[in-house]
Amino acid sequence: MLHAWWGLNDFFRDFCDRLAREGFVVLAPDLFSGKVARTIEQAEQLTSQLNETEDIPPLVLSAFDELSKHPAITGNALGTIGFSFGAYWARWLAGKAGIDPGGHDLL
């Protein structure tokens, strides 16, 4: 699950918890290293501080790789959910389907 430009706040943590209670294995990388925005201005500042070609791709790819190794993962398909800023990166990751040497496909 890839969070919006607000950061990995309580809303997104709760969303992941709800998915987990339904039986899904969920991983939500913190794309802002613990920083959370409460205003649009703060969110704009958080995203403007990122180098999107160097900072975000390794985090997203690492999360995909770690999730694919989780012992509860069965079959060969993984899904991703992204909100706003995270939706961009979810689509980016979908374009990288087949990256996992373990044979997992991204749904």
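Inside segment 66-89, residues that are of a type in the set (Gly, Ala, Ser), farther than 15 Å from residue 8 by Cα and not in a loop (DSSP other than H, G, I, E, B) make up a count of 2. Just one residue in the set 4, 20, 43, 63 is assigned to a loop (DSSP other than H, G, I, E, B) and either exposed (fewer than 11 other Cβ atoms within 10 Å of the Cβ) or not acidic (Asp, Glu) (or both); that residue is 4.
Remark: residue 48 falls outside the filter, which requires a residue to be under 16 Å from the mean Cα position of the chain (by Cα), surrounded by fewer than 16 Cβ atoms within 10 Å (Cβ to Cβ), modelled with pLDDT under 95 and of a type in the set (S, T, N, Q).
Taking segment 39-70 as the range and being free of Cβ contacts under 8 Å to residues at least 24 places away in the same chain and more than 16 Å from residue 89 (Cα to Cα) as the test, the residues that pass are 39, 40, 41, 42, 45, 49. Against the conditions (1) in contact with a Lys or Arg (Cβ under 8 Å, 6 or more places away or on another chain); (2) surrounded by 18 or more Cβ atoms within 10 Å (Cβ to Cβ), residue 68 satisfies every one except (1). Put simply, of 56, 73, 99 the only residue that is surrounded by 13 or more Cβ atoms within 10 Å (Cβ to Cβ), farther than 19 Å from residue 24 by Cα, modelled with pLDDT under 90 and not basic (Lys, Arg) is 99.
Put simply, of 28, 63, 90 the only residue that is at pLDDT 90 or above, in contact with a Pro (Cβ under 9 Å, 6 or more places away or on another chain) and either farther than 21 Å from residue 4 by Cβ or of a type in the set (Gly, Ala, Ser) (or both) is 63.
The values are calculated or read from the model by the stated rules, or taken from the named source; none is laboratory data. Quick caveat, the model's predicted, so the values are computed rather than measured. We place every Cβ from the backbone using ideal geometry, glycine too, and count neighbours over all the protein chains shown.
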